[in-house]
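Inspection log for the structure reproduced underneath, given as structure tokens.
No value in this document is a laboratory result; all are computed from the given coordinates. Fair warning: this is a prediction, and the values are worked out from it, not measured in the lab. Backbone-built Cβ (ideal geometry, glycine too); neighbour counts: all protein chains shown.
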Ligand code: ATP
Ligand code: MG
């Protein structure tokens, strides 16, 4: 027989395996809880959008649009793109469904995003973001609320060593003036720029501030500072945000070189950076984008939001010692059964115990009593329920404690045989008392 060649996952696209999914679910649950508590509602948009949407919003000269998008023609010859981020889709959906006009919206989303980047630690081709977008507020109080939410999220997840960096890009005029000043300065030092930066000098000069090249970064030390270009109202806005953050006890650092990779930002931008995570250190990034809704054809609507990378967040949590898989406490009862009569009774007891709210693992398939007990132990269950041939005949079951869920309890771990009719009651009480 011909051995078929093995089909592998696409490079940069990962399976999330059972040992890791418990932590993923935990992170997702904490996010959903915190969003709900702050009054945010979830929006779910398609994974695929028309290519135009991203070209018109993110900006043709950005890394994402110029080289990272998964773009293809569908069978009708329409150009479609797998979403590389969530903001453009949210804005498109909001305009299309009338969510913005004369309204305020607090929205969040989550799901896979796609970018054709070079895969490395913390950088993949399919990755997951949780994101949030607010529409209808042009004041810094909403920005403080959003940063307070992120701080709350990290606190609940036990994420350590993150630093909040903030900056202001000002309005269109400030950015245009600053761009000219930056180009003038960098043009004098053209020799010290790498190829990428020289290209960006004409296409997207602000992005040079983001360069990961050490020589370029050194040069930027003496470059003009965007904060000195802000209008009075932008400067006041930025000041007020800082006051709110101080009130909230949220530490921050002003990083005047923080520009973010997308074209649509104005005024406040921010990143939460993890100190020990190298070049892929930004866990969460976002900012204000007051021009985007109008740019995509809607009524002008102020907007503020962020995207957070779950792979990076989870990797950092794991490196900081978060437990990957907590099997103990996951299963309450493991049912051991021997013989066909016992098997039939076991299935019914499993259903009844699950109906009562317990987590019940029932042995299926062949297996000696000894073998089944090994599995029961490995499952992390608190109790084993044993139906041997004798028990099956008597319609009874033996309850055998395997471990104490609460370490303080000293009750002896004794086995007892009970009627199958009493199983739900006895097991429920026992699990509470152990
Ligand atoms: P970077 O500078 O690291 O490329 P970015 O500015 O492109 O990040 P955003 O578009 O702002 O990132 O996305 C928000 C967050 O999503 C990032 O801070 C990061 O946590 C995560 N992220 C972005 N691209 C990837 C990727 N290819 N793989 C994994 N996570 C990613
Ligand atoms: Mg990027």
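On the basis of the beta-carbon distance and an R0 of 30 Å, residue 33 and residue 300 show a calculated FRET efficiency of 0.35. Round to the nearest 10 and give me the degree value, 0 to 90, for the angle of helix 18-37's Cα axis relative to the longest principal axis of the chain. Result, in degrees: 60. For the range 333-433, the Kirkwood hydrodynamic radius from C-alpha pairs, put into Stokes-Einstein at 25 °C and a viscosity of 0.890 mPa s, yields a diffusion coefficient of 182 µm² per second.
With a simple spin-label model that places each label point 7 Å from the Cα along the Cα-to-Cβ direction, the separation between residue 429 and residue 242 comes to 6.6 nm. Note on the range 333-433: antiparallel DSSP beta bridges, both residues inside, total approximately 50 percent of the bridges counted.
Dividing the mean sequence gap of close Cα pairs (under 8 Å, 6+ apart) by how many residues the chain holds gives a relative contact order of 15 percent. Here the label points at residue 393 and residue 347, each 7 Å from Cα along the C-beta direction, are separated by 2.4 nm in the simple model. Approximating the spin labels as points 7 Å out from Cα along Cα→Cβ, the residue 233-to-residue 120 distance works out to 4.2 nm. Against the main long axis of the alpha-carbon atoms of the chain, helix 310-319 sits at an angle near 60°.
How many angstrom lie between the Cα centre of the range 58-91 and the Cα centre of the range 351-400? What the calculation gives is 52 Å, centre to centre.
Note on residue 75 and residue 7: with the Förster distance fixed at 22 Å, the Cβ-Cβ geometry gives a FRET efficiency of about 0.40.
Counting only the Cα atoms, the chain fills a convex hull of 220 Å³ per residue. Compared with the dominant Cα axis of the chain, that is its longest principal axis, helix 232-248 is turned about 30°.
Each Cα pair under 8 Å and six or more residues apart adds its sequence gap; the mean of these over the residue count of the range 1-108 is a relative contact order of 27 percent.
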